[in-house]
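Okay, so here's the structure we're looking at.
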Amino acid sequence: MISFTIFIVDDEQLVREGISLALRKYYRVEAFPSAEAAIESMPSNIPDMVLLDVGLPGMSGIQALEKIKQIHPDMIVIMITAFEDVGTVVAAMKLGAHDYVVKPVQMDALLVTVRNALDAVSMRKEIQDLHEKYLKENLPCFIGESNVIQDVMDIVKKAARSPDTPILIQGETGTGKELIARAIHFRSPNFKGPIIAVNCASIPKELIESELFGYEKGAFSGAAKGGKTGLVEKANNGTLFLDEIGDLRLEAQAKLLRFLEEGEFYRVGGTRKQKILTRVVSATNKDLLQMIEGERFRLDLYHRIAVVKIEVPALNQRR
């Protein structure tokens, strides 16, 4: 993650320093007190993301957003606002803002927002590349042409035809589990829908449930006043890819199980059921059966996610 560059644009020094401190260990960070200073540096120093305060002196955050999008249409911009004004937020989103955070900024939540935004942009590029590569008649030989790999590809082709069948992909790290998940998606009838990838191991344990299922306003301390749509909901009419599902804590496992059984869920702090249709593809490099024996993974959830199992062979088995 250190290769990403993030601009922080805020006229409050304490805010700039606080956000810089939180992000610096993961990303390259540059801070600016004004939009003019940040934009002036962009011709020779283009960031991957801009965290942009709405209430800047001089050029406002909204004006700066419009200017940045004119110069760099694909730039990720996350707005920072001292108060959640619906009109301002909507205006920013219409101009191309990716997301927003409210002051005082909760650093753990900001880290998740930043990571998800960067992942989403990377994912869009990957999806475009994979779409061109994998929507051809034959699946790619991106992991080999041995008989054992062709067996895997046969399972992928068959499993992809049923858009509501949960699939579990098991294999060592680096064996191409996510590429297989994307190949399944683009072979499915719902390939025009979104594919939302979630790395269960990278999201802090205390945030995993709200990230997956979203939350309503006031659900917990620091929750955005307007609530938040979860990743499960974003995968509606598409595919939800749960990478490293073995790292999902038991409380979140129970809620995921309920969703898989009913196709419905509640946002954190919510009382209204959300109903969506999505295929769930899970992946792990762990021995889930061993985890079940150790009471670290639910047996009933395992049966739900492993309706179809795909074992990805290790690299040394692909000759």
Calculate the spin-label point distance for His72 paired with Asp108, positioning each point 7 Å from the Cα along the beta-carbon direction, and give it in nanometres. 3.0 nm
Would you work out if region 139-317 is rounded, prolate or oblate? Take a ≥ b ≥ c from the square roots of the eigenvalues of the alpha-carbon gyration tensor; rounded if a/c is under 1.5, else prolate when a/b is larger than b/c, oblate otherwise. prolate
Using 0.36 nm times the number of residues separating Leu277 and Asn199, minus their current alpha carbon distance, what extension gain do you get? 26.0 nm
For the modelled label position 7 Å from the Cα of Glu12 along Cα-to-Cβ, which residues of region 53-83 have backbone nitrogen atoms closer than 12 Å? 53-56, 80-83
Between Val307, Leu288, Phe265, whose Cα lies farthest towards the positive end of the dipole of region 139-317 when Lys and Arg beta carbons carry +1 and Asp and Glu beta carbons carry -1, centred on the Cα centre? Phe265
Past 26 Å, Cα to Cα: identify those pairs from Lys103/Lys228; Lys234/Lys273; Lys192/Lys217, in the order given. Lys192/Lys217
Apply 1/(1 + (r/R0)^6) to the Cβ-Cβ distance of Ile46 and Met291, taking R0 = 41 Å, and write down the FRET efficiency to the nearest 0.05. 0.40
Of the residues Val54, Met42, Thr5, the Cα lying farthest along the dipole of region 5-116 towards its positive end, which is defined by charges on the beta carbon of Lys, Arg, Asp and Glu, belongs to Thr5
Report, by chain and number, residues whose modeled amide H sits under 5 Å from the one on Ile8, excluding near sequence neighbours (fewer than 5 apart, same chain). Glu30, Ala31, Phe32, Leu51
The extension gain from Arg258 to Val90, computed as 0.36 nm times the residue separation minus the Cα-Cα distance, is 57.2 nm
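Each value in this text was obtained by applying a stated rule to the coordinates, not by laboratory testing. Note that the structure is a prediction, hence the values are computed from the model and not measured. Ideal geometry is used to build each Cβ from the backbone, glycine not excepted, and the neighbour counts take in all protein chains shown.
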